[in-house]
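Written out below as structure tokens is the structure these notes cover.
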Amino acid sequence: MANNIRVTVWHEFRHEKTNAAVRAIYPHGMHNAIAAGLRAAGGMTVRTATLDEPEHGLSADVLANTDVLTWWGHTAHQEVRDDIVERVQQRVWAGMGLLVLHSGHFSKIFKRLMGTSCDLKWRQADDREIIWFTAPGHPIVQGLTDHIIIPREEMYGEHFDIPEPDETVLISSFSGGEVFRSGVTYRRGGGKIFYFRPGHETYPAYHQKEVLQIIANAVRWAAPVENLAPQTYGNRQPL
Ligand code: ZN
């Protein structure tokens, strides 16, 4: 498993088509910037899928052959079909890893898996973000020191209405004074979930090597355990 993780990078892919400023930063779409970073990291087979493809590019066959799914959405969360959200949730429960990126905090799949509003404070004002590592030695920060500076980003601030995380791996501070839990982990059923904050569409975060490193590390962390045994439920006899 560890040598060939099958990754699907899912992207709404709307801002790049309607906003020239976003297109200038991500001429091939954010999904292809993320996918390029993952391919460069090695040990992964990476495909992309977007909202406007049939079944949002997430057919049952694609999901059955995905070890880790990454999710970026913003302006079109409501256009994601409920039956496909259900399909993704079933795969997470069965062991697929899920990375939820930036404004994906308001996606149907993240809200469904968290069970809370997932709301937060925000501001677009070229804040400087410093992401501090709060879990030294965690696989998700492997190869990095103790912080990342992003020169300009959208601000997200607490309170972030999520369930108490299994692990808080990253906390951001912003030049406006706010703080935010920028990297948090959960398990839902057999699947591992990582939420990672950076990636507003008008800033180049997914071209920054440390950000891509975190995403690659998180893919490796979230990859399912090989031979995850199917669980049995319901009535049973004593041993
Ligand atoms: Zn944003």
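Would you check if there is a residue in the stretch 78-88 being touching a Lys or Arg at 6+ places or on another chain (Cβ under 7 Å) and part of a loop (DSSP other than H, G, I, E, B)? Taking every residue of the stretch 78-88 in turn, at least one turns out to be touching a Lys or Arg at 6+ places or on another chain (Cβ under 7 Å) and part of a loop (DSSP other than H, G, I, E, B). Being surrounded by 18 or more Cβ atoms within 10 Å (Cβ to Cβ), more than 16 Å from the ligand (Cβ to nearest atom), in contact (Cβ under 8 Å) with a residue 40 or more places away in the chain and not in a strand (DSSP E or B) holds for only one residue in Ile162, Ile171, and it is Ile162. Candidates Gln237, Gln208, Gln231: the one that is among the polar types (S, T, N, Q) and crowded, with 17+ Cβ neighbours inside 10 Å is Gln208. Is at least one residue of the stretch 135-148 modelled with pLDDT of 95 or more, surrounded by 19 or more Cβ atoms within 10 Å (Cβ to Cβ) and within 16 Å of the ligand (Cβ to nearest atom)? Taking every residue of the stretch 135-148 in turn, none turns out to be modelled with pLDDT of 95 or more, surrounded by 19 or more Cβ atoms within 10 Å (Cβ to Cβ) and within 16 Å of the ligand (Cβ to nearest atom). Could you go through the stretch 213-221 and let me know if any residue there is surrounded by 14 or more Cβ atoms within 10 Å (Cβ to Cβ) and either within 14 Å of the ligand (Cβ to nearest atom) or within 15 Å of Ile130 (Cβ to Cβ) (or both). Checking the stretch 213-221: at least one residue is surrounded by 14 or more Cβ atoms within 10 Å (Cβ to Cβ) and either within 14 Å of the ligand (Cβ to nearest atom) or within 15 Å of Ile130 (Cβ to Cβ) (or both). Would you confirm whether any residue within the stretch 120-134 is within 16 Å of the ligand (Cβ to nearest atom) and touching a helix residue (DSSP H, G or I) at 6+ places or on another chain (Cβ under 6 Å)? No, the stretch 120-134 contains no residue that is within 16 Å of the ligand (Cβ to nearest atom) and touching a helix residue (DSSP H, G or I) at 6+ places or on another chain (Cβ under 6 Å). Scanning the stretch 180-197 for residues that are farther than 8 Å from Val92 by Cα and of a type in the set (Lys, Arg) gives Arg181, Arg187, Arg197.
Every condition in (1) of a type outside the set (S, T, N, Q); (2) surrounded by 22 or more Cβ atoms within 10 Å (Cβ to Cβ); (3) under 25 Å from Pro224 (Cα atoms) is met by Phe13 except one, and the failing one is (3). Of the residues making up the stretch 14-49, those that are touching a residue at least 24 places away in the same chain (Cβ under 8 Å), of a type in the set (A, V, I, L, M, F, W, C) and farther than 17 Å from His207 by Cβ are Met44, Ala49. In a residue-by-residue description of the stretch 102-118, the property of being within 16 Å of the ligand (Cβ to nearest atom), closer than 30 Å to Gly177 by Cα and loosely packed, with under 14 Cβ neighbours inside 10 Å applies to no position. Exactly one residue out of Ile148, Ile140 is part of a strand (DSSP E or B) and within 19 Å of the chain's Cα centre (by Cα), and it is Ile148. Here the condition is being within 16 Å of the ligand (Cβ to nearest atom) and either of a type in the set (Gly, Ala, Ser) or out of contact with any Ser or Thr (no Cβ under 7 Å at 6 or more places or on another chain) (or both); of Gly177, Gly157, Gly191, Gly234, it holds for Gly157 alone.
The values are calculated or read from the model by the stated rules, or taken from the named source; none is laboratory data. Everything numeric in this text was worked out from a predicted model, so none of it was measured. Positions of Cβ are backbone-derived with ideal geometry, glycine not excepted, and every protein chain shown enters the neighbour counts.
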